[in-house]
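Colleague: My questions all concern the structure below.
The values are calculated or read from the model by the stated rules, or taken from the named source; none is laboratory data. Quick caveat: nothing in here was measured; it's all calculated off a predicted structure. For neighbour counting, all protein chains shown are included, and Cβ atoms are generated from backbone atoms with ideal geometry for every residue, glycine included. Each accessible area value is taken on the protein alone, full model and side chains, heavy atoms only, with ligands, DNA and RNA left out. Shrake-Rupley method; radii C 1.70, N 1.55, O 1.52, S 1.80 Å.
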Amino acid sequence: MKRIGIFAKRHHQDAIGLARDVAQWLEERQVEVLFDEALAKAMQVDNGYPAKSIPALADLIVVLGGDGTLLSVARLIGDLKTPILGVNLGSLGFLTEITRDELYPVLEQVVAGDFVVSERMRLLAVIRRQGKE
């Protein structure tokens, strides 16, 4: 892993602090970290990227938050095959399976290339009523 994008629940101070800690941990291991502009602003750092550009630039994306945050990042990724590591900062996460306590041991494996990607299916649904979407 050479480049990892980090997205976090923007209005959650704990997620922002954890993003800062994860970035430092990754940089100590010579991994370039890509923040989306909103997170970079919340962290008061200058090196943010447009959110839409990160999935094409990153080898992996770490999502700090909950299932809703992960789903918003999955929409950004679209048809790209960029893997997501979802870290649950709430009480129950179906998609964000990694807990805060598991984060660094799992990242250690990921940085070493010792991981398996579990592919998920995405559905697009459109509601039409009286000829309108």
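Colleague: Do you know which residues across segment 1-51 are among the basic types (Lys, Arg), touching a Gly at 6+ places or on another chain (Cβ under 9 Å) and modelled with pLDDT of 90 or more?
Modeller: 41
Colleague: Given the conditions (1) outside any strand (DSSP E or B); (2) within 17 Å of residue 117 (Cα to Cα); (3) in contact with a Gly (Cβ under 9 Å, 6 or more places away or on another chain); (4) at pLDDT 90 or above, and given that residue 103 satisfies all but one, which numbered condition is not satisfied?
Modeller: (3)
Colleague: On the given criteria, is residue 131 open to solvent by 60 Å² or more (accessible area, probe 1.4 Å) and among the small types (Gly, Ala, Ser)?
Modeller: Criteria met by residue 131.
Colleague: Go through segment 110-128 residue by residue and tally those that are open to solvent by less than 100 Å² (accessible area, probe 1.4 Å) and free of Cβ contacts under 8 Å to residues at least 40 places away in the same chain.
Modeller: Qualifying residue count for the region: 7.
Colleague: Quick check on residue 112: is it more than 19 Å from residue 13 (Cβ to Cβ), out of contact with any strand residue (DSSP E or B) (no Cβ under 7 Å at 6 or more places or on another chain) and at pLDDT 90 or above?
Modeller: Yes; evaluated as a whole, the condition is true for this residue.
Colleague: Yes or no: residue 57 within 12 Å of the chain's Cα centre (by Cα) and without any contact (Cβ under 8 Å) to a residue 60 or more places away in the chain?
Modeller: no
Colleague: Identify the residue in segment 1-31 that is open to solvent by 30 Å² or more (accessible area, probe 1.4 Å) and either within 19 Å of residue 77 (Cα to Cα) or among the polar types (S, T, N, Q) (or both) and, among all such residues, is nearest to the chain's Cα centre (by Cα).
Modeller: 9
Colleague: Right, next: Looking at segment 71-81, is at least one residue within 17 Å of residue 15 (Cβ to Cβ), in a strand (DSSP E or B) and touching a Leu at 6+ places or on another chain (Cβ under 9 Å)?
Modeller: There is no residue in segment 71-81 that is within 17 Å of residue 15 (Cβ to Cβ), in a strand (DSSP E or B) and touching a Leu at 6+ places or on another chain (Cβ under 9 Å).
Colleague: Turning to a different aspect of this structure: Give the residues of segment 39-56 that are in a helix (DSSP H, G or I) and exposed (fewer than 14 other Cβ atoms within 10 Å of the Cβ), sorted by residue number.
Modeller: Passing the criteria: 41, 52, 56.
Colleague: Next up: Report, by residue number, each residue of segment 6-35 that is in contact (Cβ under 8 Å) with a residue 60 or more places away in the chain, closer than 18 Å to residue 113 by Cβ and outside any helix (DSSP H, G or I).
Modeller: 29, 31
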